[in-house]
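Colleague: Following this message is one structure expressed as structure tokens.
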Amino acid sequence: MNLVISIAQFLLIFWFFGCICTYKLGKYILVEGVGIKSPEFVMFCLFGIGIILFWQFPLVGKWWIFVVLVAWLIIQFFCHWYYTLFGASEKKLKGYNECFQNTVHIIPASEEKLIPDLYHIILHLLILLNLVFATYAIVK
């Protein structure tokens, strides 16, 4: 199980690094990085510290990573999925679509509903997966 947890943590930190440094696939942009002077970089560091603590000091690390992942999931919910599920103002929708207009979408962007791009869908699934593993580490 430790190997599976390690892989999930690596996948998440690698995937999220795209928020710091732009990821492209040929002419397609997966995510446009915002650099180290951003809230994304702070979350990247908190999760990175969590991984180190998780493996070096398990009693503290499993709780650190759990709290970071819960906070991160809540933040992502209110930045993306809240507006997908409950609607967004015209201003929010326009700003969101402009911000992510060049990224890859598996579901086309809409002028009526906020639709997360492929990068964010995968990011949210990886956060959730890691949260399940962190919970497992706490209860085992």
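No lab work stands behind these numbers, since they all come straight from the coordinates. No experiment lies behind these values; they were computed from the predicted model shown. Positions of Cβ are backbone-derived with ideal geometry, glycine not excepted, and every protein chain shown enters the neighbour counts.
Colleague: Relative contact order, percent, of the chain when contacts are C-alpha pairs under 8 Å separated by at least 6 residues?
Modeller: Numbers: 154 pairs, mean separation 35.7, N = 140.
Once normalised by length, the contact order is 25 percent.
Colleague: How many lysine pairs does the chain hold where the Cα atoms are under 16 Å apart and the two sit 8 or more places apart or on different chains?
Modeller: Taking the chain as the scope, the lysine pair count is 4.
Colleague: For log10 I(q)/I(0) by the Debye sum over Cα atoms at q = 0.11, 0.13, 0.21 Å⁻¹, the listed values are (1) -0.41, -0.58, -1.53; (2) -0.44, -0.60, -1.27; (3) -0.54, -0.70, -1.28; which was obtained by calculation from the structure presented?
Modeller: After the calculation, the listed value that fits is (2).
Colleague: On to the next question. With helices defined as uninterrupted DSSP H runs, which ones in the chain have an alpha carbon span along their own long axis of at least 20 Å and mean Kyte-Doolittle hydropathy of at least -0.5?
Modeller: Sorted by number, the helices that extend far enough and score high enough are 2-16, 39-56, 58-76, 118-139.
Colleague: Among residues other than Leu114 whose Cβ falls under 14 Å from its Cβ, what is the net charge (Lys/Arg +1, Asp/Glu -1)?
Modeller: Here the count lands on -1.
Colleague: Something else: Given H placed 1.01 Å from N in the peptide plane, which residues other than close sequence neighbours of Thr103 have an amide H under 5 Å from its amide H?
Modeller: none
Colleague: Which cross-chain or sequence-distant (5 or more) residues have an amide H under 5 Å from the amide H of Val31, H modelled 1.01 Å from N in plane?
Modeller: Under 5 Å from the amide H of Val31 lie the amide H atoms of Tyr23, each far enough along the sequence or on another chain.
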